[in-house]
Amino acid sequence: MPTAHGPDPSTIRQYWGRDGLGQRILDALAAGGKDLAALTVDDVAPADHFHGGGKPATDRLARLAAPSPETRVLDVGGGLGGPARTLAVHYGCRVTVLDLTESYVRAGELLTDRLGLVDRVGHQVGNALELPFPAGSFDMVWTQNSGMNIADKERLYAGFHRVLRPGGVLAFQEPMAGPGGPPIFPMMWARDASQSFLRSPVAMRALIEATGFRVRAWDDVTAETSAATPPAALPAYAIAKLVMGDALEAIMAAGQRSREEGRLLMIHAVCDRP
């Protein structure tokens, strides 16, 4: 049942969770002709970047945030770890992935091990509203498409602020409410409005600044992340296909219409924690 912060965590886990997902991804990659003994982050990208725009969106946000080698990153709602492994490989970051859904965490561990990145990327189960880390533990908080199921965004961003050191950076990609009305369901993250909590970019920026962040970059990337490949044209190892199955066609159609009608926007932002 819903809580003051949004749906009960068990509801979210049930919606997203898929047993044996890691092995299913590896099997699908192998069936698609990938060499499992020599996988790269680009090989795996369609299977482990479960957010709008896929790996190109991760690459864009990373260029905007520009982490340095050895940057300590917390990826909140990092799912299968595709962005975390990208940051580790291309920027030399050390990344902790936190996600509420245990099956994603286990799948992420399997993929990280397969890519030989266990020394730079770790995974753990945890709630974004109860970050289990001391204050000032990280140089960067990173999050892509993780807040849509969370109503208490004030608490969410206060947690981000707490775990960042002074001088740290928040980098995020987040769907937000557009002026065209509520999104059309089903969306990727929700069957109906009871599971979806979006705010407008104006409201979100005000909240983030009130939390104590200084906005360095705030980009509307809706057009860049909205090109949708028809489900039939996606590879068999595409994560949306593996997780959503037969429901994917309706989800993608609703998402495309929501973007075209100005109901759904995508924002990239980089914010400094003084």
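Per the helix-only calculation at 222 nm, which mean residue ellipticity applies to the chain, given -39500 (n - 2.57) for every DSSP H run of n ≥ 4 and division by its residues, nearest 500 deg cm²/dmol?
So the helix-based figure for the chain works out to -11500 deg cm²/dmol.
What list do you get for 11, 101 if you sort them by fewest beta carbons within 10 Å?
11, 101
For the range 83-108, list residues with backbone N below 20 Å from a point placed 7 Å from the Cα of residue 130 toward its Cβ?
Only 97-106 fall inside the zone, counting backbone N under 20 Å.
Amide H to amide H under 5 Å from residue 144: which residues, 5+ apart in sequence or cross-chain, H placed 1.01 Å off N in plane?
Under 5 Å from the amide H of residue 144: 173.
At 7 Å along the Cα-to-beta-carbon direction for both residue 246 and residue 206, put a label point, then send me their distance in nm to one decimal.
4.5 nm
What fraction of the DSSP beta bridges in the chain is antiparallel, stated in percent and rounded to the nearest 5?
Rounded to the nearest five, the antiparallel share is 50 percent.
Spelling out what I want: for every residue of the range 148-155, take phi, set θ = phi - 60°, compute 6.51 cos²θ - 1.76 cosθ + 1.60 (Karplus), and round to whole Hz; glycine and proline get x.
Values, residue by residue: 5, 8, 10, 7, 7, 6, 4, 5 Hz.
So what is the relative contact order of the range 113-224, in percent, for Cα pairs below 8 Å that sit 6 or more residues apart?
26 percent
Read-outs throughout are calculated quantities, based only on the coordinates presented, and are distinct from any laboratory measurement. All of these numbers come straight from a predicted model, not from anything done at the bench. Heads up, the Cβs are rebuilt from the backbone with ideal geometry, glycines too, and the neighbour counts pull from every protein chain shown.
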